[in-house]
Amino acid sequence: MPRADGRKVNELRPVEMTTGFVKFAEGSVLIRCGDTVVLCNASVEERTPPHVKPGHGWVTAEYSMLPRANRERSRRDVDKLKLSGRSAEIQRLVGRSLRAAVDLSLLGERTVTVDCDVIQGDGGTRTASVTGGFVALALACQKLVDEGYIGRSPIKHYVAGISAGIVDDTPMLDLQYSEDSRAQVDLNCIMNELGEIIEIQGTGEGRSFTLREQQELVELCAKGNRELIRKQKEILGHIR
């Protein structure tokens, strides 16, 4: 079936990642996936949470959608005295995904927090946060190496995320909002550069789906993640 923006069913939206967007953060990336725009900043602190093993570091994430990131203004999370359920769930996903990229024993007793703020949302904000957040994390880790805090980068895997879904019974890669809002099935997939799956979130929004359909969606995501990781490697270049 034809898509609103003319893409093929297995085609990503145009992706751009601008590094150094914020000068004060140890790692900073503005990622654009079509009309979805997320600012990812990685900050390093010389301390870790109590649950972290001695000699190890920690990687975590925070996620928020700015009030006019969507078609109607949403309230800031601080207005509600706590994160919305959606924001809390997404930031846990981003944190888990980014920790899978790092050898925490090489990070030292420090925490890297990756803040993902959605400036404009048009579908796929959580996966864009993972993809851009990884680049910000890798830049922050390289800065620790360059400044002599650690001997080598603790990054052990590239990590990216993308969505796929079934719209009008057609499997599609990288849904924009006009597709996502009427998707029968929605699936998010986080993978590393080896093609290994870190996390899958799949939901039958309008109907249930079969194992074969799930496999087809995962294969679409694998194609998209390979392309995103190629872009990450082009940007990070010398780091890995």
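Observations
- C-alpha center-to-center spacing [the stretch 200-240, the stretch 109-178] in angstrom: 13 Å
- The chain: calculated mean residue ellipticity at 222 nm from DSSP helix runs of at least 4, using -39500 (n - 2.57): -9500 deg cm²/dmol
- Taking Cβ separations below 4.7 Å as the criterion for a possible disulfide partner, the isolated cysteines in the chain are Cys33, Cys40, Cys116, Cys141.
- Residues whose placed amide H lies under 5 Å from that of Asp174, excluding near-sequence neighbours: Ser163, Ala164, Gly165
- Reference-scaled alpha-carbon Rg (2.2 N^0.38 Å with N residues) for the chain: 1.00
- Amide proton proximity set for Phe21, modelled H, under 5 Å, gap of 5+: Ser28, Val29, Leu30
- Selected from Asn188, Val167, Ser178, residue furthest toward positive end of dipole (the stretch 121-195; charges at beta carbon): Asn188
- As a calculated quantity, the FRET efficiency between Arg230 and Lys53 at R0 = 41 Å, using C-beta atoms, amounts to about 0.75.
- The 3J(HN,Hα) values that the Karplus relation (6.51, -1.76, 1.60; θ = phi - 60°) gives for the stretch 183-192 are, in residue order, 5, 6, 9, 10, 9, 10, 9, 10, 9, 9 Hz. Gly and Pro appear as x.
- Working ranking of peptides 198-206, 164-172, 52-60 by packing, defined as the average number of other Cβ atoms within 10 Å per residue, highest first, is 164-172, 52-60, 198-206.
- Order by protection proxy (mean Cβ within 10 Å, highest first), peptides 22-31, 40-49: 22-31, 40-49
- Charge dipole (Cα centre; +1 on Lys/Arg Cβ, -1 on Asp/Glu Cβ; no other charges) of the chain amounts to roughly 300 debye.
- Lysine pair count for the chain [Cα-Cα under 23 Å; pairs on different chains or 8 or more apart]: 14
- In order through the stretch 132-140: 3J(HN,Hα) via Karplus (6.51 cos²θ - 1.76 cosθ + 1.60), integer Hz, x for Gly, Pro: x, x, 4, 5, 4, 4, 4, 5, 5
- Annotation: amide H of Glu199 within the under-5 Å range of Ile190, sequence separation 5 or more or interchain, hydrogens built in the peptide plane.
- Restricting the stretch 80-171 to GluC sites (Glu not before Pro) that sit in a DSSP loop and have at most 11 other Cβ atoms within 10 Å of their own Cβ leaves Glu147.
Readers should treat all values here as calculations from the given coordinates under stated rules, not as data from a laboratory. Here the structure is a predicted model, which means the values were calculated and not measured. So basically every Cβ, Gly included, is an ideal-geometry build from the backbone, and we count neighbours across all protein chains shown.
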